[in-house]
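The values are calculated or read from the model by the stated rules, or taken from the named source; none is laboratory data. Bear in mind that the values here come from a model prediction, so they are computed numbers and not experimental data. Here the Cβ positions follow ideal geometry from the backbone for every residue, glycine too, while neighbour counts run over all protein chains shown. Side chains included, ligands, DNA and RNA excluded: accessible areas come from the protein's heavy atoms. Shrake-Rupley method; radii C 1.70, N 1.55, O 1.52, S 1.80 Å.
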Amino acid sequence: MAQTSLGTPATAPVSPLPSSGAPPRHRWWILTVIAVAQLMVVLDATIVNIALPSAQKDLGFSDGDRQWVVTAYALAFGSLLLLGGRMADLFGRKITFLVGLVGFAGASALGGAANSFEMLVTARAGQGLFGALLAPAALSLLTTTFTDPRERARAFGVYGAIAGAGGAIGLLLGGVLTEHLDWRWTLYVNLVFAGVAFVGGALLLSRTARDKTTSLDIPGAVLVGGGLFSLVYGFADAESHDWSSPHTWGWLVAGAVLLTAFTVWQTRSSHPLLPLRVLLDRNRGASFVSVLISGAGMFGVFLFLTYYLQQSLGYTPIETGLAFLPMTGALMVTSALATSVLIPRIGPKPVVPLGMGLAAAGMVWMTALDLHSSYVGDILPTLVVVGLGLGLVMPPAMSLAVDGVDAEHSGVASATVNAMMQVGGSIGTALLNTLATSAATDYLAGKDPRNTAVQAQAGLEAYSTAYWWSAVFFGVGLVISVILYRRGVPEQDPDAAPVVHM
């Protein structure tokens, strides 16, 4: 979840049941091991956000650069997730799982020991890379470990609940570690999770046979990874150069060309990372776009509201983590309502656009926050409205993104919807940070930047700009979801595999 900043669930359908053998005797301990590993990956989407202002102050990087601490993880995770799933099949699930744990722990240790911005960003990219190995392998292991339908449903329920709660846990744990120890412990803590999961995995997991029919689409991975990096770098570079600068639009054009080449290559590759027919159904296409846009808007909320609470209002890291919890609670309420009541009765066409509209309204409301805003009277209502909106968008869209996909492509569809969320977050964070820092720079023009009041107002200008543009993202999502989603209730396949949080 991967996850979002909120621990929002991403659906991942389970591949068909294995037909062989009795289930492992220690399967419930195996579930514990896998859940610990998944919790570690989910935590990293939110735990570092709370620590980011402290890390920036310690390492001295600029407001223009801060987004890379978030983006490096999400971009590496999202762009390599499809390849990671293939590698689990090719090299075996156990070895991929264990390598992912060791790599994630090593990258976390590097980040915790970072003495420069570049070292921290490299570590975050490493976490994303090994997370892209770890998450698909964990899900595959869970699938093959539990073969009895009832036990399997219980196992995935536990797994999903832990992953879904990971975002909220990350908010609180990030606050506690940053305030009482140091921001570096938001990274070092992963060594504890990884160590427990590695020992348990090494002792309990059985080696699985390699799938010799699997082939890695290396050219596809290079094209999509390079294209996404170029887009994100282009958006981020506009903060230091101008939008009309060849240095900016050159990267953006390069990204568009590489992603176009990736699309063409996927039609010719014998083992494509992303078979394009997965995207062609209207409801699925609408869902992928909805997840992409929501990820872009939602990641921005966390980055800028965290800075607003800590730097403008003087909240402690723990208070910041607690401040976000009502948003998570509101999301959970409408998530349950949407997936269990609204979508089965009236379909996605009215539900997802309503969620987009609520999220946009909440972001517009946030633009009124200032240096004298109170939490209960001003901040809390905006968070609740955004959370209610996201709950109507993300879980339904993620479920519909894998609805009706045949068993052969279910894993690809699942990985794609997770990748869309991470990629949307990467692009959105880069673009919003550029727009925000440019707004602050424009405000400071002709003013004394050493004046504390001027600096504080410049920060508010930056945050307000980010909220306005997030509202625009959700507004575009509203229009697209109204146009693309079909009317009526989608048909449900009674034999479809269950979906879980990832």
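Please list Arg124, Arg93 in order of solvent-accessible area, largest first, computed with a 1.4 Å probe with all protein chains present. It would help to have the intermediate numbers written out before the result.
Numbers: Arg124 5, Arg93 60 Å².
Ranking Arg124, Arg93 by accessible area, largest first, yields Arg93, Arg124.
Order these peptides, 476-483, 68-75, 257-264, 356-363, by their mean beta-carbon neighbour count within 10 angstrom, highest first.
Values: 476-483: 18.6, 68-75: 26.8, 257-264: 16.4, 356-363: 24.8.
Taking the mean over residues of other Cβ atoms within 10 Å, the ranking is 68-75, 356-363, 476-483, 257-264.
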Report task. Can you tell me the relative contact order of the range 374-478? Whole percent, Cα pairs under 8 Å, sequence separation 6 or more. Result -> 19
Query raised in the report: the range 281-348: Rg/Rh from Cα coordinates, Kirkwood Rh?
Result: 1.12
Query - Heavy atoms of Arg86 accessible to a 1.4 Å probe, total area in Å² rounded to 10 - result: 50
Requested in this report: Please compute P(r) over all alpha-carbon pairs of the range 326-395, binned at 10 Å starting from zero, and give each bin as a whole-number percent.
Outcome: 24, 46, 22, 7, 1
**Report entry** Label-to-label distance, nm, for residues given as Val479 and Ala113 (7 Å Cα→Cβ offset)
**Finding:** 5.1
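Report in % the part of the accessible area of the range 20-127 that belongs to carbon and sulfur, leaving out ligands and nucleic acids; probe 1.4 Å. Could the numbers behind the result be given before it?
Values: 2130 of 3440 Å².
Roughly 62 percent of what the probe reaches on the range 20-127 is carbon or sulfur.
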Query raised in the report: Trp243 accessible area, nearest 10 Å², 1.4 Å probe?
Result: 110
Report task. Could you rank the peptides 29-35, 200-206 by their average count of other C-beta atoms within 10 Å per residue, with the highest value first? Result -> 29-35, 200-206
Query raised in the report: For the peptides 229-237, 267-275, 126-134, 217-225, what is the packing order when you average, over each peptide's residues, the other Cβ atoms within 10 Å and list the highest mean first?
Result: 126-134, 229-237, 217-225, 267-275
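Applying 1/(1 + (r/R0)^6) with R0 = 35 Å to the Cβ-Cβ distance of Ser269 and Leu191, what FRET efficiency is obtained, to the nearest 0.05?
Values: r = 38 Å, r/R0 = 1.09.
Calculated transfer efficiency: 0.40.
Per residue, how big is the convex hull around the C-alpha atoms of the range 300-455? Give it to me in cubic angstrom, could you? Could the numbers behind the result be given before it?
On the way: hull volume 20.0 nm³, N = 156.
For the range 300-455, the hull spanned by Cα atoms encloses 128 Å³ per residue.
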Query - Test item: Cα-centred dipole of the range 277-416, Lys/Arg +1 and Asp/Glu -1 on Cβ, debye - result: 340
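Counting pairwise Cα distances across the range 215-276, what percent come out greater than 20 angstrom?
On the way: 625 of 1891 pairs.
When all Cα pairs of the range 215-276 are counted, 33 percent exceed 20 Å.
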